[in-house]
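The values are calculated or read from the model by the stated rules, or taken from the named source; none is laboratory data. Fair warning: this is a prediction, and the values are worked out from it, not measured in the lab. Every residue, glycine as well, gets a Cβ built from its backbone with ideal geometry; the counts of neighbours run over all protein chains shown.
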Amino acid sequence: MKSRTLLLALIIFFSSISLAQNLDARRIDVLLGPGITIVFGDIGDWQIGPSLYSGVSYRFQQNWSVKANLIFGKGLGSDEGTRNHDRGYEFSTFIFEPSLQVEYYFLFLEGRRYNNKGLLLGLPAVGAYGFAGLGGSFFNPTPGGELENNYDDDFTKLSLVVPIGVGARYNLNNDWSVGLEFGRRSTTTDYLDGYTSENSTAKDVYFFGVLSLSYKIFSPAALRSKR
């Protein structure tokens, strides 16, 4: 399982590089931004941790795009304030996720916006989309509280993930845009928090929320056409 997950993650990563090198003159977006991480496992209810996002998006049709992601996140959790308060378990876990997702834009809102030369911009002001994809998750939990006395790290720290969620982007001008995205990650592991209980019947899940800034990059042919 470990080798298959690693192989899939490498295939996704290198395929995205190959795709970027062979694109035509249409627009490519490079994205970067901060975000949040929420892990739902066997410890605590939910707690917000930080994340850092980067990605490359390619729109191959008006309503469709494909995006390669690299996300670093930190999940947190504690039994304090839950029904398992007396157990006293805590954890933190670092998550690294390479993934590939397909996006469908189901809504466009137009806006009359002008550049510094007074020309009307042709891009929609706002676009909303849903997405689904496939990726890998490399995670490394650290026990805290009473869990330190009952911790066994004899488990694989790799998992397949299935991202699904929604997002929106606002075009600032022809080159720059900002975006919001929130997505669930279904996994194949019950050890994101480093612990599985005897009564656990479901795999762990986690969520990423991202605020990104994106810049449109053009191929040489596209740059020549703008002159």
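Within the stretch 175-210, can you find the residues that are in contact with a strand residue (DSSP E or B) (Cβ under 7 Å, 6 or more places away or on another chain) and of a type in the set (S, T, N, Q)?
Once the filter is applied, which keeps residues that are in contact with a strand residue (DSSP E or B) (Cβ under 7 Å, 6 or more places away or on another chain) and of a type in the set (S, T, N, Q), the stretch 175-210 yields S177, S186, T187, T188, T189.
Could you give me the residue pairs with C-beta distances under 8 Å whose first residue belongs to the stretch 84-107 and is closer than 30 Å to S197 by Cβ and free of Cβ contacts under 8 Å to residues at least 40 places away in the same chain, whose second residue is among the aromatic types (F, W, Y) and buried (at least 21 other Cβ atoms within 10 Å of the Cβ) wherever it lies, and which are 6+ apart or on separate chains?
The qualifying pairs do not exist here.
Which count do you get for residues in the stretch 158-190 that are modelled with pLDDT of 95 or more, touching a Pro at 6+ places or on another chain (Cβ under 9 Å) and over 14 Å from E103 (Cα atoms)?
Going through the stretch 158-190 one residue at a time, the tally reaches 3.
Return yes or no: is F138 modelled with pLDDT under 90, of a type outside the set (K, R) and part of a strand (DSSP E or B)?
It is false that F138 is modelled with pLDDT under 90, of a type outside the set (K, R) and part of a strand (DSSP E or B).
For the stretch 143-153, give me the residue count where each residue is surrounded by 15 or more Cβ atoms within 10 Å (Cβ to Cβ) and not in a helix (DSSP H, G or I).
The number of residues fulfilling the criteria is 4.
On the given criteria, is A125 more than 26 Å from N84 (Cα to Cα), at pLDDT below 95 and among the small types (G, A, S)?
For A125, the condition - more than 26 Å from N84 (Cα to Cα), at pLDDT below 95 and among the small types (G, A, S) - is met.
Which numbered condition in (1) buried (at least 18 other Cβ atoms within 10 Å of the Cβ); (2) without any contact (Cβ under 8 Å) to a residue 40 or more places away in the chain is the only one that L52 fails?
Unmet condition: (1).
Quick one: what pairs do we get from the stretch 156-185, first residue touching a residue at least 60 places away in the same chain (Cβ under 8 Å), second among the basic types (K, R) and surrounded by fewer than 21 Cβ atoms within 10 Å (Cβ to Cβ), C-beta under 7 Å, 6+ apart or different chains?
Between residues of the stretch 156-185 that are touching a residue at least 60 places away in the same chain (Cβ under 8 Å) and residues that are among the basic types (K, R) and surrounded by fewer than 21 Cβ atoms within 10 Å (Cβ to Cβ), the close pairs are T156/K2; L158/K2.
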